[in-house]
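Written out below as structure tokens is the structure these notes cover.
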Amino acid sequence: MNAYVGTPTSRVDGRAKVTGAAKYAGEFAADLLLHGFVVAATIPRGRIARLDTSKALKVKGVVDVLTHAHRPPLAEQDEAWKDEVAPEQGSPFRPLYDNSVKFNGQPIALVVAEDWETAKFAATRIRVEYEEEAFATDLESERTKAAKVDQPHKPRGDASAALTRAAVHHEADYVIPSEHHNPMELYATTAVWDGNGKLTVYDKTQGVQNVQKFLCSVFGRKPNEIRVISPYVGGAFGSGLRPQHQVVLATLGALALKRSVRVVLTRHQMYGLGYRPMTIEHVALGANRDGTLEAVMHEAIAVTSRFENFSRNDTGWGEQLYKSPNSRLSHKLVHLDVATPCDMRAPGAASGVCALECAMDELAVALKLDPIELRLRCYSDRDQSEDLPYTSKQLRACYARGAEAFGWSRRAPGPRSMRDGKELVGWGMATGVWEALQMPVAVRIVLTANGHAEVSCAASDIGTGTYTIVAQVAADALGLPIENISVRLADSSLPQAPVEGGSWMAASSAHAVLGAAEEIRQELVRRVKAMPASPLGGVDAPDIILVDGTVTKAGDRSRAVSIADIMRHSKLERIEKEKLNQFEEEKSYARNTHSAVFAEVKVDEQLGVIRVTRVVSAVAAGRILNTKTGRSQVMGSVVWGIGMALHEETLMDHRFGRIMNANIAEYHIPVNADVHDIDVIFVDEPDDRINRLGVKGLGEIGIVGVPAAIANAVYHATGKRIRRFPITLDKLLD
Amino acid sequence: MADTTDQIPERIPINLVVNGARRTLEIAPWTTLLDALRDRLELTGTKKGCDHGQCGACTVLVDGRRINSCLTLAIMKDGAEITTIEGLAANGALHPLQQAFVDHDAFQCGYCTPGQICSAAGLLAEGRARDADEIRELMSGNLCRCGAYPNIVAAIEQVMGRS
């Protein structure tokens, strides 16, 4: 039955991607296509006093310049601008809505021309005068203005008193800077004017139906008037969860001019959208001499915009990982004159667990305990926030398998105790944790008489491998070779799917495929039983399976009828079934993925240059649908963790409220030479409680814990504890 | 910037040999080779990731050498032979690097992939890389945000016959 699920199947979209045939949002052709170029605000707060477009309009080839004063109507109510991922509290940003400037880099005009170069040139001819207002963009100087947001975590016991009493305690601030996703593909939309007011919008998004509903709401269109398509997405990592500026602008342009319009943001302009918010994580841990915890306190103070409250769960992860009778957790926001942050790979956990796991390492040093031993002494078999057991939790096995593969037992415990020539060697470790979420998804399967099946769903594949796992699950469920399965995704006219995010799409789409395939099976069973002298006549329906292109009695391959014969006899060309899968809300278990991450760094003692020479990531995430793409996904997450630890930081000049490194050379991300050996281990974790296949999802877990493991390794190498990320060489040499 | 002109430049005829086919086009001097390929010749396999020579997604082979096509004006390459990702597969059979990238899962989203593969083809032609460390160093002009680097190195090693 499982010819494909659980195997290292190559990507079914691999050929399209290596030949250049895969088309991304900004690459779809259209007749008489116009090109838009965005003009962005250069102040962080104020009003546009004058916006002179006359010179731009005189440039030959310019068709129009859209501004807040010259545009088609846009919705006036906040509710109309709230997409399905928008923060509950706030007033979403509206491009070209009025003359207010809310953040630097905000789009304020769209030049539309016959070609891109002309639009770009004409944009330099636009003159803007502002009435500037006082602004603030510095989290640290505004820290005292932080306001607490509602969080589900209830305090347990009296953490302050327990901390005071504790035999050993550690308390520190860890500072995570703002970071930008920087997917390789520029944010892009091609809005194709189909005539009669209808649009086909090719957009770089993680959720075509989210964008489709949003556009209909913002532009007052009927659902059948806008269709959103996004077959390939050149990376997103959370940046495509909410509708991006350019999809509004391209749609605005197409509706204004009744022509197709493409808008591609520049790399620089992409920094005017969402990002991982800078966060000051304050962690305090109190322990007994034996390494059991008495108190966990974790407070996060994060950036958000003036107009939306964006917050995630930074501080709740200790409730899941470490047993402590007392805990107090809180999340605070500082409103600044910046764009609203958004989800970025493992939002909340990447930052919060980084701080927690650095703090645990510092506590281990204070207790003179091995870092793994400390974690085992306060290992929690229950999620303490709700006092629930887990559907499965093989974190102990992660520690054991990871440590063995890494060679942890050979670690000399003291800092600066290991060396390789002129380089100091450090070994560090950390724990990772993420949620195993699942969402309602519908799938349509069309089985044709030639034994092929088309499986379709509005879900996106942002590089995560959704096309491939959907094909694998469908091939196994329908008993067909994977070559006979074609998968269509990311078209808003296809069956329902939420945005692709939060690591929920693997489990959600896989079970939706199972649901639709079961409908197909039942239809085939009805048909085969109706055939004269059917070899499956007396067989109970549940005992009939689909295998090798036939309908067969389980365990008796002699009693089989080919799908082709059934369809011919039933005079059918195709069987089409669509099914919405919903998971039962079983509230008596916590659902999580876990990991143990081990990192080796080598630090040049004179120069402070840090290299991450080895990483072992042992992951427990239920059943892995595809061990090849799954390994790649975790490996890529580890690379993200290297970036977070050593490279990534969006730098703001607070005198101007403007990002200084809004490009992909000065915003550092790991390059090939920064990445060495990465060993991904999938720990066996059977889980028959979470869902039928035992799938938990892999998109986020791979990054969580990696920055802390590297920071802890840097401490072990050098004896220096750097609590302000990224750990750059200047901080080591200070 | 001073408003020196509101006139856009005249288009100039050039010839390019793209993937073996001679292409004549009238092009403005400010058009990059990247935009000429993507917008004028509809060869969108070559990607734009930064337009500033920072990411390598636009890498193509010009007269056999790998270059960033976003840092090259099309008119500078009048008469040149250009190979893009669309020109690497021959008669439907994948180039060994394309096959190796699939085999080693050397990509996820696929957006940097054409540039990685063209860059790797250029690297092999240069004959400079002898081991994995040198591949890493000499492929570091091609960013991959999905973090597929170890698999990219493995794919290139396979084609170099060293895996």
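General remarks:
- Selection status of A:Ala645, away from chain B (no Cβ under 11 Å), in contact with a Phe, Trp or Tyr (Cβ under 9 Å, 6 or more places away or on another chain) and of a type outside the set (Val, Ile, Thr): yes
- One residue from A:Arg568, A:Arg614, A:Arg557 being assigned to a strand (DSSP E or B), surrounded by fewer than 17 Cβ atoms within 10 Å (Cβ to Cβ) and of a type in the set (Lys, Arg): A:Arg557
- Single residue of segment A:1-27 satisfying the filter (surrounded by fewer than 21 Cβ atoms within 10 Å (Cβ to Cβ) and farther than 28 Å from B:Pro96 by Cα) that is farthest from the other protein chains (Cβ to nearest Cβ): A:Met1
- Top-ranked residue in segment A:28-49 [being aliphatic (A, V, I, L, M) and within 11 Å of chain B (Cβ to nearest Cβ); ranked as farthest from the chain's Cα centre (by Cα)]: A:Leu33
- Inside segment A:147-181, residues that are in contact with a Pro (Cβ under 9 Å, 6 or more places away or on another chain), outside any strand (DSSP E or B) and closer than 30 Å to A:Gly235 by Cβ make up a count of 2.
- Cβ pairs under 7 Å, 6+ apart, first in segment A:87-106 and at positive phi, second surrounded by fewer than 17 Cβ atoms within 10 Å (Cβ to Cβ) and modelled with pLDDT of 95 or more: A:Gly90/A:Asn309
- Pairs, first at pLDDT below 95 in segment A:432-447, second part of a strand (DSSP E or B), C-beta under 8 Å, six or more apart: none
- Condition check for A:Ser637: crowded, with 20+ Cβ neighbours inside 10 Å and out of contact with any strand residue (DSSP E or B) (no Cβ under 6 Å at 6 or more places or on another chain): yes
- Tabulated pairs, segment B:41-70, first in the same structural domain as B:Asn142 (by TED's automatic domain parsing), second part of a loop (DSSP other than H, G, I, E, B) and among the polar types (S, T, N, Q), C-beta under 7 angstrom, 6+ apart or interchain: none
- For A:Thr164, the stated conditions do not hold, so it cannot be described as surrounded by 24 or more Cβ atoms within 10 Å (Cβ to Cβ), outside the structural domain of A:Ala459 (by TED's automatic domain parsing) and of a type in the set (Ser, Thr, Tyr).
- Qualifying residue in segment A:468-486 (condition: assigned by TED's automatic domain parsing to the domain that holds A:Glu605, surrounded by 24 or more Cβ atoms within 10 Å (Cβ to Cβ) and polar (S, T, N, Q)): no
- Some residue of segment A:652-668 being more than 25 Å from the chain's Cα centre (by Cα), aromatic (Phe, Trp, Tyr) and assigned by TED's automatic domain parsing to the domain that holds A:Val338: yes
- Any hit, segment A:89-112, residues being within 14 Å of chain B (Cβ to nearest Cβ) and either among the β-branched types (Val, Ile, Thr) or farther than 14 Å from A:Leu273 by Cα (or both): yes
- Elements of type strands (runs of 3 or more DSSP E) contained in segment A:50-146, each with 3 or more residues being more than 33 Å from the chain's Cα centre (by Cα) and outside the structural domain of A:Arg658 (by TED's automatic domain parsing): A:62-67, A:127-132
- Criterion (under 27 Å from the mean Cα position of the chain (by Cα), among the hydroxyl-bearing types (Ser, Thr, Tyr) and away from chain B (no Cβ under 14 Å)) met by exactly one of A:Tyr187, A:Tyr174: A:Tyr174
- Note on segment A:226-241: residues that are within 14 Å of another protein chain (Cβ to nearest Cβ) and over 10 Å from the mean Cα position of the chain (by Cα) total 5.
- Within segment A:648-686, the set of residues being in contact with a strand residue (DSSP E or B) (Cβ under 7 Å, 6 or more places away or on another chain), within 9 Å of chain B (Cβ to nearest Cβ) and of a type in the set (A, V, I, L, M, F, W, C) comprises A:Ile678 only.
- Search result, residues across segment B:6-56 that are within 25 Å of A:Met270 (Cβ to Cβ), in a loop (DSSP other than H, G, I, E, B) and more than 9 Å from chain A (Cβ to nearest Cβ): B:Gly56
- Restricting segment A:300-332 to residues that are in a loop (DSSP other than H, G, I, E, B) and small (Gly, Ala, Ser), the residue that is surrounded by the most Cβ atoms within 10 Å (Cβ to Cβ): A:Ser324
- Selected residue (only one of A:Asp461, A:Asp491 is out of contact with any Ser or Thr (no Cβ under 6 Å at 6 or more places or on another chain) and either within 14 Å of chain B (Cβ to nearest Cβ) or surrounded by 24 or more Cβ atoms within 10 Å (Cβ to Cβ) (or both)): A:Asp461
- In the set B:Ala125, B:Ala129, B:Ala121, B:Ala155, only one residue is more than 18 Å from B:Gln54 (Cα to Cα), out of contact with any helix residue (DSSP H, G or I) (no Cβ under 9 Å at 6 or more places or on another chain) and not assigned by TED's automatic domain parsing to the domain that holds B:Val18; that residue is B:Ala125.
- Test: residue in segment A:19-39 that is out of contact with any Gly (no Cβ under 8 Å at 6 or more places or on another chain), touching a residue at least 24 places away in the same chain (Cβ under 8 Å) and over 30 Å from B:Ile85 (Cβ atoms): yes
The values are calculated or read from the model by the stated rules, or taken from the named source; none is laboratory data. Treat the numbers as computed from the prediction; the structure is a model and nothing was measured. Counting neighbours? That spans all protein chains shown, and the Cβs are built from the backbone with ideal geometry, glycine included.
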